[in-house]
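Read-outs: derived from the displayed coordinates by stated rules, not from any lab. What you see is a predicted model; the values in this text were computed from it and never measured. FYI the Cβ positions are ideal-geometry reconstructions off the backbone, even for glycines, and counts take in every protein chain you see.
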Amino acid sequence: MPNIKSAKKRVKTDAVKKERNRDKIASMRTAMKKVRVAAKAGDKSLATESLNDANKKIDKAVKSGLVHKNKAARDKSKLAKTVNNLK
């Protein structure tokens, strides 16, 4: 445990940031899962709506530095391909 006042504050703020980042990542993964579930069920309209939401959350994760831009592009491409292959 740190002894300096600023270091103590840093521990607290880091914990808040860690929790916030974990929530953002979790919501991104949940949105991606919704797309896959809708696609597996064959519901193209729901999959398309979910895809838009997932893309938005992926972009926000990249903007805040939680996900690398290449991983985001790969995930978005994979989800779009899944939705576009539905009949």
Item to check | Complete set of residues in the range 54-87 that are over 30 Å from LYS18 (Cα atoms) and either acidic (Asp, Glu) or surrounded by fewer than 12 Cβ atoms within 10 Å (Cβ to Cβ) (or both) | outcome: LYS81, ASN85, LYS87
Checklist entry - Are there any pairs, at least 6 apart or on different chains, whose C-beta atoms fall under 6 Å, with the first in the range 50-75 and over 10 Å from LYS24 (Cβ atoms) and the second of a type in the set (Gly, Ala, Ser) and in a helix (DSSP H, G or I), and if so, which? => result SER50/ALA38; ASP53/ALA31; ALA54/ALA31; ILE58/ALA72; VAL62/ALA72
Next on the checklist: For the range 39-53, give me the residue count where each residue is over 8 Å from VAL83 (Cβ atoms), surrounded by 12 or more Cβ atoms within 10 Å (Cβ to Cβ) and among the aliphatic types (A, V, I, L, M).
Outcome noted: 1
Checklist entry - Within the range 18-33, can you find the residues that are surrounded by 15 or more Cβ atoms within 10 Å (Cβ to Cβ), touching a Leu at 6+ places or on another chain (Cβ under 8 Å) and either more than 14 Å from ASP75 (Cα to Cα) or of a type in the set (D, E, K, R) (or both)? => result LYS24
